[in-house]
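Reading through the structure tokens given below for one structure.
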Amino acid sequence: TTQKLLKSELLSFTSAEESQAEASFYNNENESVSITVVGASGDLAKKKIFPALFALYYEDCLPKHFTIFGYARSKMTDAELRTMVSKTLTCRIDKRENCGEKMDEFLKRCFYHSGQYDSQENFAALDKKLKEHENGKASNRLFYLSIPPNIFIDAVKCASSSASSGNGWTRVIVEKPFGRDSESSAALTKSLKQYLREDQIFRIDHYLGKELVENLSVLRFSNLIFEPLWSRQYIRNVQFIFSEDFGTEGRGGYFDNYGIIRDIMQNHLLQILALFAMETPVSLDAEDIRNEKVKVLRSMRPLELGTMVIGQYKSHTKGGVTYPAYTDDKTVPKGSLTPTFAAAALFIDNARWDGVPFLMKAGKALHKKGAEIRVQFRHVPGNLYNRTFGTDLDRATNELVIRVQPDEAIYLKINNKVPGLGMKLDRSHLNLHYAARYSKEIPDAYERLLLDAIEGERRLFIRSDELDAAWSLFTPVLKELEEKRVVPEYYPYGSRGPVGAHYLAARYNVRWG
Ligand code: NDP
Ligand code: BG6
């Protein structure tokens, strides 16, 4: 249908030669791609990975000869896997179309193999099945490690030695968390590199696959009006805000070992910050972009306890409904001090950003769900209109808001005159509201990232030196928080979070947007 994405549309950033190579890879009768979802019985596989693979299939974005295998310890037949997967598939791309037929076609390409994560023998049996499906074609294999991190290495060891491709590529998508601190992350990288080259490792941060995060560089580097303003000269502060209106529901066991700083700030928000603040890359090549991201991360000051606030949600009753405290979760140890909220001020000590506070705020069980970037500009010098705004100078400054989710939008707050004979100023929005501007559904982040991994495009995946730089910024403060057993500020479930976050921002003359 016309709704469907053309492959050429997806590849519009690649050269004609690259597009041709991609096209032949997609249609080549002699090539096959096998995607193995390791941990296929789990939450992420059901919720995100299989639906994203179906969306890619629906959009004709999967290579002609592809096979999907689920791998996990649970006993399941192919038919049972298909039933499980079918429950999570939707016709979200084109709701008018009955995509039942497409779903059936897709499900016929899905198979299951039960095995242990540390068994060479079980992976060798998988290899045998993969070969049968590859039917003598060049085999390209993608393994998606959708399993808890303590079994990553076992699975990589077995997959790489017993089920890697003999005559094509082998790539492994690794889910977060990539360690808990610099030391454990370095150990994980070292172990992974025993079995894989860096170019085979695709460390996923799904925030990099979100449409508005992808658009950040386009906004900056293809619009003359923004790039000249993108520095300490014009920008007063930048805010990266993540909030969820629900608690750790069901994932308390995982969460308690990590906390919001490791779960959201060190990866999702820091990655967005790096893209926001990096210098212009030499090209759009993955290595050029990742080089710039590393540089900016390495120019940052490690976080300090004095410029941070941590919080944890407590129970709250509203309208006769009682919402639980974090520690009411049965999988969370009683008396846990793990932060479910954090706010911090970060600084980039380079010529472009010297002195500009980059504020981050992330929390669970807050009053709303959303993720956004707010860029607050400086005051207009000698503003003729100061009197009209009175002393509330904040009201007179421009602000650019990139609403990553929900209801994607980019809007710029400007000052304008209220129409009429008097001279009264008003604040208005120049608004790019995605739902109004584009009729097509925005793809899920996992769709873009899976497609990139199949194509070998590394731009949106985290390189090991980026990861090291990110952990160096957070490890000292995480250690200090844990060693000193810092007690979080408690905030009611469904509130705006601890008031401490407002005092923190006020220290930098900033108001959270
Ligand atoms: P699950 O806890 O659901 O685990 C996935 C599968 O791994 C399970 O179905 C189970 O399969 C197997 N498994 C679970 N625990 C163990 C264990 N202790 N030893 C051996 N095998 C085990 O994880 P998720 O699907 O939630 O997440 C997968 C990965 O993705 C994790 O690294 C997680 O941090 C990451 N992630 C998850 C997100 C989410 O929303 N769920 C979001 C972002 C990242 P079986 O018993 O059949 O072998
Ligand atoms: C994951 C975190 O990485 O991102 C979760 O582990 C969080 O705690 C999730 O809920 C948020 O992702 P999204 O795409 O729903 O904003």
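The values are calculated or read from the model by the stated rules, or taken from the named source; none is laboratory data. None of these values were measured; they are calculated from a predicted model. Methodologically, a virtual Cβ is constructed for each residue, glycine included, from the backbone with ideal geometry; neighbour enumeration extends over all protein chains shown.
Odds and ends about this structure:
- Unmet requirement for residue 284, which otherwise passes all of (1) part of a loop (DSSP other than H, G, I, E, B); (2) within 16 Å of ligand 1 (Cβ to nearest atom); (3) surrounded by fewer than 18 Cβ atoms within 10 Å (Cβ to Cβ): (2)
- Within the stretch 42-58, not a single residue is in a loop (DSSP other than H, G, I, E, B), touching an Asp or Glu at 6+ places or on another chain (Cβ under 9 Å) and not aromatic (Phe, Trp, Tyr).
- Residues satisfying the stated conditions in the stretch 381-413, i.e. modelled with pLDDT of 80 or more, exposed (fewer than 13 other Cβ atoms within 10 Å of the Cβ) and closer than 30 Å to residue 212 by Cβ: 406, 407
- Considering residues of the stretch 45-57 that are touching a helix residue (DSSP H, G or I) at 6+ places or on another chain (Cβ under 9 Å) and within 16 Å of ligand 2 (Cβ to nearest atom) only, the residue farthest from residue 132 (Cα to Cα): 48
- Evaluating residue 98 against the criteria (1) free of Cβ contacts under 8 Å to residues at least 40 places away in the same chain; (2) assigned to a helix (DSSP H, G or I); (3) of a type outside the set (Gly, Ala, Ser) leaves one unmet condition, (2).
- Selection within the stretch 48-88: residues that are basic (Lys, Arg) and modelled with pLDDT of 95 or more. The member of this set that is nearest to ligand 1 (Cβ to nearest atom) is 73.
- Among the residues of the stretch 312-359, those identified as assigned to a strand (DSSP E or B), of a type in the set (A, V, I, L, M, F, W, C) and more than 21 Å from residue 251 (Cβ to Cβ) are 321, 343, 344, 345, 346, 348, 358, 359.
- A count restricted to the stretch 60-83 and to residues that are in contact (Cβ under 8 Å) with a residue 40 or more places away in the chain, surrounded by fewer than 20 Cβ atoms within 10 Å (Cβ to Cβ) and farther than 17 Å from residue 142 by Cβ stands at 3.
- Within the stretch 148-167, restricting attention to residues that are in contact with a strand residue (DSSP E or B) (Cβ under 6 Å, 6 or more places away or on another chain) and in a loop (DSSP other than H, G, I, E, B), the residue that is farthest from residue 49 (Cα to Cα) is 167.
- Annotation note: Cβ proximity below 8 Å between a residue of the stretch 210-233 that is under 20 Å from residue 434 (Cβ atoms) and polar (S, T, N, Q) and a residue that is in a loop (DSSP other than H, G, I, E, B) and within 16 Å of ligand 2 (Cβ to nearest atom) (sequence gap 6+ or interchain) occurs for no pair.
- Any hit, the stretch 111-132, residues being under 27 Å from residue 28 (Cα atoms) and assigned to a loop (DSSP other than H, G, I, E, B): no
- Selection within the stretch 244-277 - within 14 Å of ligand 1 (Cβ to nearest atom), closer than 18 Å to residue 405 by Cβ and buried (at least 19 other Cβ atoms within 10 Å of the Cβ): 244, 260, 263, 264, 267, 268, 271
- Scoring residue 322 on the criteria (1) crowded, with 16+ Cβ neighbours inside 10 Å; (2) closer than 15 Å to residue 495 by Cα; (3) out of contact with any Gly (no Cβ under 6 Å at 6 or more places or on another chain); (4) not aromatic (Phe, Trp, Tyr) leaves a single failure, condition (1).
- Qualifying residue in the stretch 222-243 (condition: in contact with a Lys or Arg (Cβ under 7 Å, 6 or more places away or on another chain), part of a helix (DSSP H, G or I) and either charged (D, E, K, R) or modelled with pLDDT of 95 or more (or both)): yes
- Among the residues of the stretch 244-273, those that are more than 17 Å from the chain's Cα centre (by Cα) and more than 8 Å from ligand 2 (Cβ to nearest atom) comprise 245, 246, 247, 249, 250, 252, 253, 256, 257.
- Some residue of the stretch 235-243 being away from ligand 2 (no atom under 16 Å from the Cβ), under 18 Å from the mean Cα position of the chain (by Cα) and surrounded by 19 or more Cβ atoms within 10 Å (Cβ to Cβ): yes
- Within the stretch 188-221, tally of residues that are within 16 Å of ligand 1 (Cβ to nearest atom) and part of a helix (DSSP H, G or I): 9
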